[in-house]
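For reference, the structure is listed below as structure tokens.
The values are calculated or read from the model by the stated rules, or taken from the named source; none is laboratory data. The shown structure was predicted, so the numbers you read here are calculated from the model rather than taken from an experiment. Methodologically, a virtual Cβ is constructed for each residue, glycine included, from the backbone with ideal geometry; neighbour enumeration extends over all protein chains shown. Quick note on the areas: whole protein, heavy atoms, side chains included, nothing else; ligands and nucleic acids left out. Shrake-Rupley method; radii C 1.70, N 1.55, O 1.52, S 1.80 Å.
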Amino acid sequence: MKNMRTIIIISIIYFINCSFIGRNLPPPLDNHQDIIGKWQSDETSGWVLEFKADGKCEESLNGKILKVYFYSFGKTSPQCGHIVPVGELFEYLNLVNVNNSEDKFCYEFLGVDNDNFAMIYIGGASNNPMGFIKL
């Protein structure tokens, strides 16, 4: 009987600790939040994409804004009319001109960290990744 009481008390303490610890954990990071900021192409000097928290992306060259896009992420096929692989490992970035929905670009999103992100243009002649460095 004494052992049973000890087991119950330990179980209650464990449950309470788990409840409080779980409440103090930060929410999981959203990979898409990491894209927010200014990114300069590592190949084309002066070409910058600035992703904003409001879902817009400004494309600029040498400080002059060329176009503004809505950006979104997806995991489905097709993308921009092209059949693409689907699954856990694949994610796509879509840019749609805010003034002309026919002007859109799709990329395979390869990933982002604090300093870099990379993507591959879907539908182009080259499958070379485009790299960007955080400003």
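Only residues that are assigned to a loop (DSSP other than H, G, I, E, B) and polar (S, T, N, Q) were counted in the stretch 81-117, giving 4.
Per the listing ILE65, ILE122, ILE133, the residue uniquely surrounded by 14 or more Cβ atoms within 10 Å (Cβ to Cβ) and modelled with pLDDT of 95 or more is ILE122. Just checking, does the stretch 113-120 include any residue being in contact with a helix residue (DSSP H, G or I) (Cβ under 9 Å, 6 or more places away or on another chain) and of a type outside the set (Asp, Glu)? So far as the stretch 113-120 goes, yes, one or more of its residues are in contact with a helix residue (DSSP H, G or I) (Cβ under 9 Å, 6 or more places away or on another chain) and of a type outside the set (Asp, Glu). Would you confirm whether any residue within the stretch 76-89 is under 15 Å from HIS32 (Cβ atoms) and under 15 Å from the mean Cα position of the chain (by Cα)? Checked the stretch 76-89: no residue is under 15 Å from HIS32 (Cβ atoms) and under 15 Å from the mean Cα position of the chain (by Cα).
Restricting the first member to the stretch 61-81 and to residues that are at positive phi, and the second to residues that are assigned to a strand (DSSP E or B) and surrounded by 15 or more Cβ atoms within 10 Å (Cβ to Cβ), the beta-carbon pairs closer than 8 Å and six or more apart or on different chains are CYS80/ASN94; CYS80/LYS104; CYS80/PHE105; CYS80/CYS106.
Scanning the stretch 68-119 for residues that are in contact with a Ser or Thr (Cβ under 9 Å, 6 or more places away or on another chain), open to solvent by 50 Å² or more (accessible area, probe 1.4 Å) and of a type in the set (A, V, I, L, M) yields ILE83, VAL86.
Look at LEU49 and say whether it is in contact (Cβ under 8 Å) with a residue 60 or more places away in the chain, under 16 Å from the mean Cα position of the chain (by Cα) and open to solvent by less than 30 Å² (accessible area, probe 1.4 Å).
Answer is yes for this residue.
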